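**Q** Okay, handing you the structure first.
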Amino acid sequence: MDSISDAQRDMREAYFGGATGAVSSATAWLAAAIVATFANPKAGILTLVFGGTLIFPLSVVLSKLVGRSGKHQKGNPLAPLAIQGTFWMLLSIPIAIGAAMYKVELFFPAMLLVIGGRYFTFVTIYGMKIYWLFGAALAVFAFPLAILKAPVMAGAYTGAIIEYLFGIIIFIISKPKTG
């Protein structure tokens, strides 16, 4: 790769600008919300944690279904940043679990902050400023959910809605221009 912009273009091309990851993540949030609503909050939390392990593999499958490779070029200098961001996110999940031990309603708002922070790194990985808004939206909604002591499932549904919304927006702006 000759430049950062080449590396970003490669990442955008391989993963459809990250849209497939956002949709995969949204699906994990939605599953967690449904489980929290119809089973119990702790099962919803476990659903998001387990579902989170499936986000990347599902995003690769979705990338391939929409005609992308789902794999960046070997030697892409942004790949380590993506991996480092993943480790940061994984190491932050215990903070959300600790918050839930104090008050179960705080788990999903804490995870909104964790995931929002992760999306800020995507500004660099994909070279797309939309990720500033995406991360900020998740973070901004976390605070009223926590302050208002919203029911557990409200945080999970909020995560799902925001992730699906931005996933769709990123699909639209990442779609190849024709003509």
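**Q** Can you give the extra length, in nm with one decimal, that the chain gains between ILE93 and LYS64 once fully stretched, where that is 0.36 nm per residue apart less the Cα-Cα distance?
**A** Working: separation 29, 0.36 × 29 = 10.44 nm, distance 2.89 nm.
Roughly 7.6 nm would be gained on extension.
**Q** Same structure, new question: How far is it, in nm, from the label point at GLN84 to the one at PHE50 when both lie 7 Å from their Cα along the line to the Cβ?
**A** Distance between the two pseudo-spin positions: 3.4 nm.
**Q** Determine the gain in length on full extension of the stretch ARG9-LYS103; use 0.36 nm per residue of separation and subtract their C-alpha separation, reporting nm with one decimal.
**A** Details: separation 94, 0.36 × 94 = 33.84 nm, distance 4.23 nm.
Between ARG9 and LYS103, full extension yields an extra 29.6 nm.
**Q** So, by mean Cβ neighbours within 10 angstrom, what's the order for 124-131, 30-37 with the highest one leading? Can you show the working numbers first?
**A** Numbers: 124-131: 19.1, 30-37: 21.6.
Put in order of decreasing packing, that is 30-37, 124-131.
**Q** Note down the relative contact order for the chain as a percent, whole number, built from C-alpha pairs under 8 angstrom at least six residues apart. Before the final figure, lay out the partial values.
**A** Numbers: 258 pairs, mean separation 58.1, N = 179.
Value for the chain: 32 percent.
**Q** Next question. For the pairs LYS64/LYS129; LYS74/LYS129; LYS42/LYS129, note any where the Cα-Cα span goes beyond 31 Å.
**A** Numbers: LYS64/LYS129 24 Å; LYS74/LYS129 25 Å; LYS42/LYS129 35 Å.
Distance filter (> 31 Å) returns LYS42/LYS129.
**Q** Of SER24, GLY52, TRP88, which is farthest along the charge dipole of the chain in the positive direction, counting Lys and Arg as +1 and Asp and Glu as -1 at C-beta?
**A** Towards the positive end, the residue furthest out is SER24.
**Q** Please list 107-118, 135-146, 6-17 highest first by mean number of surrounding beta-carbon atoms within 10 Å per residue. Let's see the in-between values first.
**A** On the way: 107-118: 24.2, 135-146: 18.2, 6-17: 21.0.
Ranked from most to least packed, the peptides come out as 107-118, 6-17, 135-146.
**Q** So for each of 44-50, 69-75 I average, over its residues, the number of other beta carbons within 10 Å; can you give me the resulting order with the highest mean first?
**A** 44-50, 69-75
**Q** Using the eigenvalues of the Cα gyration tensor, what equivalent ellipsoid semi-axes result for the range 1-148 when each is taken as the square root of five times the eigenvalue, whole Å, largest first? It would help to have the intermediate numbers written out before the result.
**A** Numbers: eigenvalues 169, 54, 31 Å².
Working through the eigenvalues yields semi-axes of 29, 16, 13 Å.
**Q** In addition: In Å, what Rg and Dmax follow from the Cα atoms of the range 116-170?
**A** Values for the range 116-170 (Cα only, Rg and Dmax): 11.9, 36 Å.
**Q** Tell me, what is the FRET efficiency for TRP132 and ILE172 to the nearest 0.05, using R0 = 22 angstrom and their Cβ-Cβ distance as r? Walk me through the numbers on the way to the answer.
**A** Numbers: r = 17 Å, r/R0 = 0.79.
Calculated value: 0.80.
**Q** What is the Cα radius of gyration of the range 1-78 over 2.2 N^0.38 Å, N being its residue count? Walk me through the numbers on the way to the answer.
**A** Details: Rg = 15.5 Å, N = 78, 2.2 N^0.38 = 11.5 Å.
Cα Rg divided by the expected 2.2 N^0.38 Å: 1.35.
Laboratory data are not the source of any read-out in this text; all were calculated from the coordinates shown. What you are looking at is a predicted structure, and each value in this text was computed from that prediction instead of being measured. Every residue, glycine as well, gets a Cβ built from its backbone with ideal geometry; the counts of neighbours run over all protein chains shown.
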